[in-house]
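Notes follow once the structure below has been shown.
The values are calculated or read from the model by the stated rules, or taken from the named source; none is laboratory data. For clarity, every value in this text was computed on a predicted model and none was experimentally measured. Ideal geometry is used to build each Cβ from the backbone, glycine not excepted, and the neighbour counts take in all protein chains shown. The area values use the complete protein model at the heavy-atom level, side chains included, leaving out ligands, DNA and RNA. Shrake-Rupley method; radii C 1.70, N 1.55, O 1.52, S 1.80 Å.
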Amino acid sequence: MDVQTLCLGVLTMGDASGYEIKKILEGPFRHFYDASFGSIYPALNKLQTSGLVTCNYAAQDKRPDKKVYSLTVDGRLELVSELRDPPGADRVRSEFLATMMFAELLPANYIASVIDDRERRLRETIAHLEEAERDEDMSPGKSFVNGYGLAVYRAALAYMEENRHLVESEALLAQVERDRTGAPAAVAANGDD
């Protein structure tokens, strides 16, 4: 799903400015889709040019007028058409997993700190999703997406807690071997071994 389609979907919830759309995307969409202001505003401009959204200006005290976007009938039809296309496979892009792939090249204490940080972030995301789950006005779709996110992040955290020793021990063994053979030490991201 592209950012334009996502913006159309958000506008089914009500009229919104680009800033408000971004805030909504940081809410229930946060754990599975990342859209920046740099992608939202061009998407809204294209949607407006295509007649899928309209834009009105709302006055604000001591600030420039705010652009407020509304979904048109054609925009709603376009959204439904896009949503009817079978979704593609999920794509995982993870700098964390790329780092873990080569953990043996880095000092063991650095790998441990990266995993600690990731576990902390997962706990924060889980807490955010658990808080959102208490919203009694949550639609069935939002509830499903929120619950799916909880299941994924809880499973990821459990996996890391149970298996972090695999990459930490490999990094430690590689570090011991480098020390034993006098091979050049891997460069630590935090500057120490």
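Some values worked out for this structure:
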{"quantity": "Relative contact order [Cα under 8 Å, 6+ residues apart], the chain, whole percent", "calculated": "22"}
{"quantity": "Helical mean residue ellipticity (222 nm; -39500 (n - 2.57) per DSSP H run of 4+; nearest 500) of the chain", "calculated": "-20500 deg cm²/dmol"}
{"quantity": "Rounded to whole Hz, the Karplus (6.51, -1.76, 1.60) HN-Hα couplings of segment 94-100, x for glycine and proline", "calculated": "9, 5, 4, 5, 5, 5, 5"}
{"quantity": "Residues whose placed amide H lies under 5 Å from that of Ala16, excluding near-sequence neighbours", "calculated": "Tyr69"}
{"quantity": "Candidates per GluC sites (Glu not before Pro) in segment 72-146, loop by DSSP, up to 13 other Cβ within 10 Å", "calculated": "Glu136"}
{"quantity": "Accessible surface, per residue, of the chain when the full set of protein chains is kept, probe 1.4 Å, Å²", "calculated": "66"}
{"quantity": "Using alpha-carbon coordinates, inclination of helix 108-133 to the longest axis of the chain, degrees", "calculated": "30"}
{"quantity": "Rounded tilt (10° steps) of 73-84 against the dominant C-alpha axis of the chain", "calculated": "40"}
{"quantity": "Cα-centre dipole for the chain with unit charges at Cβ (Lys and Arg positive, Asp and Glu negative), debye to 20", "calculated": "640"}
{"quantity": "Percent carbon-and-sulfur accessible area, the chain, ignoring ligands, DNA and RNA, probe 1.4 Å", "calculated": "54"}
{"quantity": "Relative contact order, percent, segment 120-185 [alpha-carbon distance under 8 Å, six or more residues apart]", "calculated": "30"}
{"quantity": "Heavy atoms of Tyr19: accessible area, 1.4 Å probe, square angstrom to 10", "calculated": "120"}
{"quantity": "Segment 45-75: trypsin sites (Lys or Arg not before Pro) falling in loop per DSSP and having at most 11 other Cβ within 10 Å", "calculated": "Lys62"}
{"quantity": "Furthest towards positive pole of dipole, Gln60, Leu173, Cys7, structure part the chain, Cβ charges", "calculated": "Gln60"}
{"quantity": "Set of lysines near Lys46 by C-alpha distance (under 27 Å), chain-local residues within fewer than 8 positions excluded", "calculated": "Lys22, Lys23, Lys66, Lys67, Lys142"}
{"quantity": "Rounded tilt (10° steps) of 37-49 against the dominant C-alpha axis of the chain", "calculated": "30"}
{"quantity": "Mean-position separation - Cα centroids, segment 111-159 and segment 80-105, in angstrom", "calculated": "17"}
